[in-house]
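First comes the structure, then the notes that go with it.
No value in this document is a laboratory result; all are computed from the given coordinates. Nothing here was measured: the structure is a model prediction, and the numbers come from that model. Cβ sites come from the backbone with ideal geometry, for glycine too, and all protein chains shown count toward neighbours.
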Amino acid sequence: VMADKNRTVHRIPVSASMAGRYRKGYPLLERELLGRELPQGDLFDLVDPQGHFVARGYLGNQNRGAGWVLTRDAGTFPDRDMFRQRILAAAEARKRFFESQDLTGCFRLFNGEGDGIGGLTLDWYGGFLLISWYSEGILSFQSAVLEALKELPGVRGVYQKFRFEPVPEGFREGLVLGEPGGFPILMKENGVNLSVHLDDGPMTGFFPDQRDVRQAVRERFSQGRRVLNAFSYTGAFSVFAALGGATGTVSVDLARRSLEMTRTNFLANGIDPQGQEIVVEDIFRYLRYAGKKGLRFGLIILDPPSFARSGKKTFSVQKDFSGLMGQAFKLLEPEGILIVSSNSARLSRSRMESMLRQAADDTGTSGSLLEVFRLPEDYRTDPAYPEGNYLKVLVWEKSREAGK
Ligand code: SAH
């Protein structure tokens with residue numbers, strides 16, 4: 001079958017129970033449903049055992065799944081109009097963010113399946129848009145997306161990044177529309193300045209999804225405390241902690257680049273970096289050193305990547321996070337706060353909480369879970385796809401007379 005703009009539609013038969021699942025709104029095309037590899041960007045129709053239409057979507061291989069459902073209406077095809085409507089509706093839903101840009105200049109404008117198109121995210125950075133393409137399939141809709149973006153008011157430039165490999169011939173990361181930004185530039189987040197670049201590697205300088213956590217660090221968890229920010233990257237948490245009255249901050253990251261970027265972020269907020277510690281080192285080494293020296297902290301933030309390599313050693317949240325939490329507990333003062341964070345979709349919130357309780361048990365630390373943060377409201381999620389609700393941030397308070 002040919003449909004709309006020469007996109008082939010492949011019929012994919014599914015079992016009655018699978019059909020039920022997709023009818024209830026499950027958006028991800030499971031790879032097992034495909035008998036063979038099909039061309040990226042083609043369309044698919046899921047069909048139940050009675051031959052009835054269930055759902056339609058596009059084919060796109062990403063780390064999870066083989067494509068995304070776009071509609072459960074047999075008469076609807078993913079055309080320019082669909083992309084336009086969904087993107088403009090997403091922008092409308094972020095009206096509050098557009099209107100308060102003097103306070104916060106950066107937010108997620110379109111969050112994949114949460115806004116009706118899996119595999120595509122759009123981030124707003126003060127007039128500059130960053131498109132992340134998660135598959136070759138979704139990239140085949142590039143012109144429809146760009147056309148819709150031209151209709152948004154206040155767009156100065158549009159950048160793109162690829163979250164899949166290999167990048168297809170003829171495409172490259174960087175500016176695709178409008179004027180270049182002259183990065184790095186300063187962004188505001190709740191009135192705090194953070195340095196951002198959209199044209200240099202996969203990360204942009206800070207993670208907007210931690211906005212509420214940073215604000216809580218400044219407003220509630222830093223006053224009068226010495227702060228250890230582990231996996232500090234550009235020091236965003238340290239800046240908020242210093243502004244929130246921390247008596248000192250230590251930012252530890254393995255990457256050399258973190259030093260200069262962290263200094264820049266302190267300076268951008270009138271904080272003398274000389275008064276803060278910025279350590280370029282493997283966190284496990286630093287924790288051993290801190291243990292030997294008897295250093296203690298009133299707030300420790302652990303925000304590791306899901307997986308990392310350091311020399312010959314590897315770190316994975318699945319196997320190493322609990323041990324890391326335990327080491328942090330040992331350095332935590334009585335009534336101190338430990339914040340642990342993970343964006344790994346493979347680590348559930350409940351599993352992370354058991355890791356934390358296990359670490360507390362193992363180190364004889366008493367205390368309680370104070371608070372849990374999930375994604376902020378601009379990171380809209382699809383209730384039928386809880387895996388997309390990836391961020392978990394647990395805040396633990398050690399009791400006054402806590403042990404060891
Ligand atoms: N917490 C940061 C984001 C962390 S990104 C923020 O809020 O912006 C993950 C960081 O972990 C990267 O900067 C990476 O360089 C660092 N990293 C990875 N393995 C590490 C290790 N073993 N020790 C210290 N830092 C590490």
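Tabulated values for the structure
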item	result
Distance between the range 128-183 and the range 78-119 - C-alpha centres, whole angstrom	15 Å
Segment R156-Q142, extension gain: residue separation times 0.36 nm, minus the distance between their alpha carbons	3.2 nm
Cα gyration tensor shape for the range 119-201, rounded if a/c is under 1.5, else prolate or oblate	prolate
Where trypsin sites (Lys or Arg not before Pro) fall in DSSP loop in the range 245-304, at most 10 other Cβ within 10 Å	R256
Value at 222 nm in deg cm²/dmol, rounded to 500, when DSSP H runs of n ≥ 4 in the chain each add -39,500 (n - 2.57)	-7500 deg cm²/dmol
Taking I339, I271 and counting other C-beta atoms within 10 Å, the order from fewest to most	I271, I339
Cα convex hull volume per residue for the range 13-138 (Å³)	110 Å³
Kyte-Doolittle mean at least -1.0 and Cα axial length at least 18 Å: DSSP H helices in the chain	80-93, 317-331
The range 149-294: antiparallel DSSP beta bridges as a percent of all, rounded to 5	50 percent
Dipole axis of the range 204-326 (+1 Lys, Arg; -1 Asp, Glu on Cβ), positive-most option in S232, L299, M325	M325
Cα-projected label distance for E173 with E377, points at 7 Å along beta-carbon direction, nm	3.2 nm
Low-density loop cleavage sites - GluC sites (Glu not before Pro) in the range 154-243, where at most 11 other Cβ are within 10 Å (DSSP)	E169
For the range 202-328, diffusion coefficient by Stokes-Einstein and Kirkwood Rh (Cα), 25 °C, 0.890 mPa s, µm²/s	166 µm²/s
Estimated distance in nm for a label pair at R256 and R349, the labels positioned 7 Å out from Cα along Cα-to-Cβ	4.1 nm
Ranked V239, V372, V340, V317, criterion: other C-beta atoms within 10 Å, fewest first	V372, V317, V340, V239
Cβ-Cβ FRET estimate between S368 and K319, R0 fixed at 22 Å, reported to 0.05	0.30
The chain: antiparallel DSSP beta bridges as a percent of all, rounded to 5	60 percent
H10 versus R357: modelled label distance in nm, points set 7 Å from Cα along the beta carbon direction	4.4 nm
Fewest-first ranking of V192, V69, using other Cβ atoms within 10 Å as the exposure measure	V192, V69
Whole-Å semi-axes of the range 294-361's equivalent ellipsoid (Cα gyration tensor)	21, 15, 10
Convex hull volume per residue in cubic angstrom - Cα atoms of the chain	152 Å³
18 Å Cα-Cα reach of K150 towards aspartates and glutamates, excluding residues that sit fewer than 8 places from it in its own chain	D79, D81, E92, D123, E179
